[in-house]
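Okay, structure first, notes after.
The values are calculated or read from the model by the stated rules, or taken from the named source; none is laboratory data. All of these numbers come straight from a predicted model, not from anything done at the bench. Quick reminder, even Gly has a Cβ in these numbers, built from the backbone with ideal geometry, and neighbours come from all protein chains shown. Surface areas here come from the heavy atoms of the whole protein model, side chains and all, with no ligands, DNA or RNA. Shrake-Rupley method; radii C 1.70, N 1.55, O 1.52, S 1.80 Å.
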Amino acid sequence: ATATSPAVRGTAFQLLEQHPLPSVCQPGSRVRGVDVGTRKIVAFSFDDGPWPSYTERIMASFESRGLRATFFMVGINIQSYRSIAQAVHDRGHEIGNHSMTHTYNTSTIAREIPIANELISQITGFSPNLFRAPGLAESPAITAAMTANGVCNVFSTIVLGDHLDPRLSSSTLCSRFANTLHPGEIVLLHDGGSHLNTVNAVPCMLDIAIARGYEIVPVSELMLSGIPYSGPRP
């Protein structure tokens, strides 16, 4: 049976289907973007949360436009802000695994995949099938752990650099987004930590995509809309 979860469409809640991942996103595989031809469709993803205020504000920006996002969450932040993680799920946004401690040690990342998945499952009742390694790391150990735990490694086609120090301004982030937007992109941004400029740039990015006629969907829905690829954009 297909699971459902409540999702916000403006101010009204609906039950939206949670689809299984397509076969091209098999456990252990890597996905960078999706070949959707000329169909205008894009997914936004946010790393390192959940985080007080920031995660909520990003959700509100999407929901006020009837949209959903994907949040790759760090386990220690979930433990600190359990109610925010629960709200992300309850409001129909997508949650992915981003390790427990955000280490860049590949052996530790591999060990943390099942621990973070179990934590997310305990809090939300939903076991993620999307994973993003900190630093977009890869190794045989990570691949084996992903395969064993039924997740694929979601990379990105648009990395706007909102994690760089000093932080880029909101206007710079929005301009970079406008200059790099193409069909089938997975946008990588951050909601955890010191990312106020990202939070403030999200409405601008969404409005640009909408004005250009783009559908904005969670990562798993984007994957179902075309052919995911692991290397450079086709």
Fill in the blank from the handout: Using alpha carbon centers only, region 108-165 is separated from region 173-234 by a whole-angstrom value of 19 Å
Problem - Quotient of Cα Rg and 2.2 N^0.38 Å for region 50-105, N being how many residues it contains - result: 1.12
Handout entry: Cα-only Debye scattering, the chain: base-10 log of I(q)/I(0) at q = 0.08 Å⁻¹
Key = -0.25
Exercise for the section: Figure the gain on full extension for residue 115 and residue 40 (residue separation times 0.36 nm, minus the Cα-Cα span) and round it to one decimal in nm. Expected result: 23.4 nm
Problem - Exposure ranking of 45, 170 by accessible area [1.4 Å probe, largest first] - result: 170, 45
Fill in the blank from the handout: Taking 0.36 nm per residue of separation between residue 148 and residue 57 and subtracting their Cα-Cα distance, the length gained on full extension comes to 29.3 nm
Exercise for the section: Run the numbers on the chain and let me know its relative contact order in percent, using alpha-carbon pairs under 8 Å that are six or more apart. Expected result: 33 percent
Handout entry: GNM result for the chain, Cα springs below 10 Å: residue of 163, 190, 93 fluctuating most strongly
Key = 163
Exercise for the section: Using only Cα positions of region 115-179, each an equal point scatterer, no hydration layer, compute I(q)/I(0) via Debye at q = 0.14, 0.18 Å⁻¹ and quote the log10 values to two decimals. Expected result: -0.61, -0.80
Practice task
With a probe of 1.4 Å, find how much accessible area the chain has per residue, and write the answer as a whole number in Å².
Solution key: 41 Å²
Completion exercise
To the nearest 0.05, the calculated FRET efficiency linking residue 233 and residue 137 through their beta-carbon distance, R0 being 22 Å, is 0.55
Exercise for the section: Any chance you could list P(r) for region 137-234, counting all Cα-Cα pairs in 10 angstrom bins from zero, rounded to whole %? Expected result: 13, 39, 34, 13, 0
Completion exercise
Order by accessible surface, 1.4 Å probe, largest leading, for residues 48, 90 comes to 90, 48
Practice task
Once you have the Cα-Cα distance between residue 179 and residue 103, take 0.36 nm times their residue separation minus that, and quote the gain in nm to one decimal.
Solution key: 24.2 nm
